[in-house]
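Here's the structure, in C-alpha cells; my notes come after.
The values are calculated or read from the model by the stated rules, or taken from the named source; none is laboratory data. Keep in mind that what you see is a predicted model, and the values were worked out from it rather than measured. When we count neighbours, we look across all protein chains shown, and the Cβ atoms used for this are built from the backbone with ideal geometry, even at glycine. Ligands, DNA and RNA are excluded from the accessible area calculation, which covers all protein heavy atoms including side chains. Shrake-Rupley method; radii C 1.70, N 1.55, O 1.52, S 1.80 Å.
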Amino acid sequence: MIYGREMVLAMAALVAGAAALALLAGFATTQSQMNSFYATGEAQAVSEPVDILNPTKVIDINAAAGAQGMDTQTNVVAIKRYTQVNVTKLAVWIDNVPQLRQYFKYLTLILYKKGTNKEIKAVLTLDDPKKIIVIDNDEWVNDWYNLSAEVRFELPEGLLFDNVPLILHFKILSVS
C-alpha cells in the first residue's frame with residue numbers, strides 16, 4: 001500500500017502522464033510528421049468549390065420477363081459549383097452489379113449532358129460499371145451541370161419480378 005509522499009508522487013505521475021498524452025494527440029494532428037496517419041470513414045469540408053446535390057440515385061427499371069427496352073431518366077444528378085472552377089473530375093459507378101447480373105442479359109447505362117445535343121459523358125455496363133467523368137469550364141450552365149441517363153436492357157425469359165433498382169453513385173475526385 002502506498003502512503004503519504006509516495007501517494008502524492010504517484011498521483012502527480014498519473015496526472016502528468018494524462019497531460020502528456022493529451023499534448024501528444026494535439027501535436028500529432030497539427031505539427032508533427034504523425035499528422036499523415038489516416039482513420040477510416042469519410043469527411044466533407046464545409047465549403048467545397050463543387051457540390052453533388054444527389055450523389056446516390058436509384059433508378060427503378062420496370063420491365064416484363066424477356067423484354068428488352070430503353071428507359072430515359074432526366075436529371076439523374078445535379079452538380080453546383082460555388083467558385084470559379086476549370087476542370088472537375090467525377091467518379092460514377094453502379095453499386096449493385098452482382099444483383100443486376102442475376103436479372104439482366106445485358107444492361108447499358110448511358111450518361112449524357114442534359115441539353116439539346118445529348119453529349120455522352122459515360123457509358124457503364126455490368127462488365128464495366130465504373131467511369132470517370134470530366135467536366136470542363138465551358139460546360140457549366142449558370143454554375144450548374146446536369147446529367148441525364150438512358151438505360152438499355154434485356155431480360156431473360158421466365159423471371160418473376162416487378163422492378164429492380166439500379167443504384168448509381170457519384171463522387172467528386174478532383175477540382176481545379
Checklist outcome for this item: Going through (1) open to solvent by 20 Å² or more (accessible area, probe 1.4 Å); (2) within 17 Å of the chain's Cα centre (by Cα); (3) over 16 Å from K57 (Cβ atoms) one by one, I135 fails only at (1)
Checklist entry - Taking segment 76-91 as the search range and keeping residues that are in contact with a Pro (Cβ under 9 Å, 6 or more places away or on another chain) and either among the basic types (K, R) or surrounded by 14 or more Cβ atoms within 10 Å (Cβ to Cβ) (or both), which one is modelled with the lowest pLDDT? => result V85
Checklist entry - Could we say that V8 is over 28 Å from the mean Cα position of the chain (by Cα) and at pLDDT 60 or above here? => result yes
Item to check | The one condition in (1) at pLDDT 85 or above; (2) open to solvent by 30 Å² or more (accessible area, probe 1.4 Å); (3) not charged (D, E, K, R) that L24 fails to fulfil | outcome: (1)
Checklist entry - Among the residues of segment 112-129, is any surrounded by 18 or more Cβ atoms within 10 Å (Cβ to Cβ), modelled with pLDDT of 95 or more and closer than 13 Å to V50 by Cα? => result no
Checklist entry - Within segment 140-154, is even one residue loosely packed, with under 13 Cβ neighbours inside 10 Å and either among the hydrophobic types (A, V, I, L, M, F, W, C) or under 16 Å from the mean Cα position of the chain (by Cα) (or both)? => result yes
Next on the checklist: Pairs please, first residue from segment 74-103 and closer than 30 Å to V164 by Cβ, second anywhere and open to solvent by 50 Å² or more (accessible area, probe 1.4 Å) and among the aromatic types (F, W, Y), Cβ atoms under 8 Å, 6+ apart in sequence or on different chains.
Outcome noted: A78/W144; I79/W144
